[in-house]
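First comes the structure, then the notes that go with it.
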Amino acid sequence: MDNKIGTDIIEINKIKESVNAFGDKYLKKIFTTKEIQYCMKYKKTYAQHLAARFAAKEAVIKILEPLNEVIHFKDIEIVRYSNGSCKVELHGNAKKLAMERNINYTSVSLSHEEKYAIAMVLVSTYKKE
């Protein structure tokens, strides 16, 4: 079994500026409906929540190492459990690549504060013999 780690950090203002400039078009291109609904309910800190998810998506892409494949940001969904922890759900090409790379366990940690959001993603892989 092997482990891989991906991490990403982002300035929250970059997400806020994109939302302000492009609105729903930007949100719907990057985030799933569930992600948008969850983040936008936090009127004052929505950008922090969106930025953390954006960073997680970038971290997953770093792990998947797509070469000729296109991974859409919406193919990577960050789902929040009622206890506050999060998980990664993959769809489309992201799911296909994960299966090809024998990824069978994913863990994600998100953190944000006033200026920055960060995400760390850990995956475990094993080959079926």
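Using Cβ point charges alone (K and R +1, D and E -1), the dipole size of the range 2-125 about the Cα centre works out to roughly 440 debye.
Of S111, S18, the sequence from fewest to most neighbouring Cβ atoms within 10 angstrom is S111, S18. Anything over 29 Å Cα to Cα? Flag those among K14/K62; K44/K74; K16/K62; K41/K96; K44/K96; K41/K115, in the order listed. From K14/K62; K44/K74; K16/K62; K41/K96; K44/K96; K41/K115, over 29 Å: K41/K96; K44/K96.
Of the trypsin sites (Lys or Arg not before Pro) found in the range 1-83, those in coil by DSSP whose Cβ has at most 15 other Cβ atoms within 10 Å are K41, K43, K44. With helices as the sole contributors, the chain gives -13500 deg cm²/dmol at 222 nm; each DSSP H run of n ≥ 4 counts as -39500 (n - 2.57), and the sum is divided by every residue. Restricting to DSSP loop positions (anything but H, G, I, E, B) with no more than 16 other Cβ atoms inside 10 Å of their own Cβ, which trypsin sites (Lys or Arg not before Pro) remain in the range 88-129? Here the trypsin sites (Lys or Arg not before Pro) that fit, given the DSSP loop and packing criteria, are R101, K115, K127, K128. Note on the chain: with a GNM built from Cα contacts shorter than 10 Å, the maximum mean-square fluctuation among V19, V108, V60 falls on V19. Taking all Cα pairs closer than 8 Å and separated by 6 or more residues, the relative contact order of the chain comes to 36 percent. Given axes a ≥ b ≥ c from the Cα gyration tensor, I'd like to know whether the range 2-55 is rounded (a/c under 1.5), prolate (a/b larger than b/c) or oblate. Prolate, because a/c is 1.5 or more and a/b exceeds b/c.
Computed over the chain, the P(r) curve from all C-alpha pair distances, binned at 5 Å from the origin, holds 2, 11, 21, 24, 20, 12, 6, 3, 1, 0, 0 percent per bin.
Where a number appears in this text, it was derived from the coordinates with a stated rule and is not lab data. Since the structure is predicted, the reported quantities are computational estimates derived from the model, not experimental observations. Positions of Cβ are backbone-derived with ideal geometry, glycine not excepted, and every protein chain shown enters the neighbour counts.
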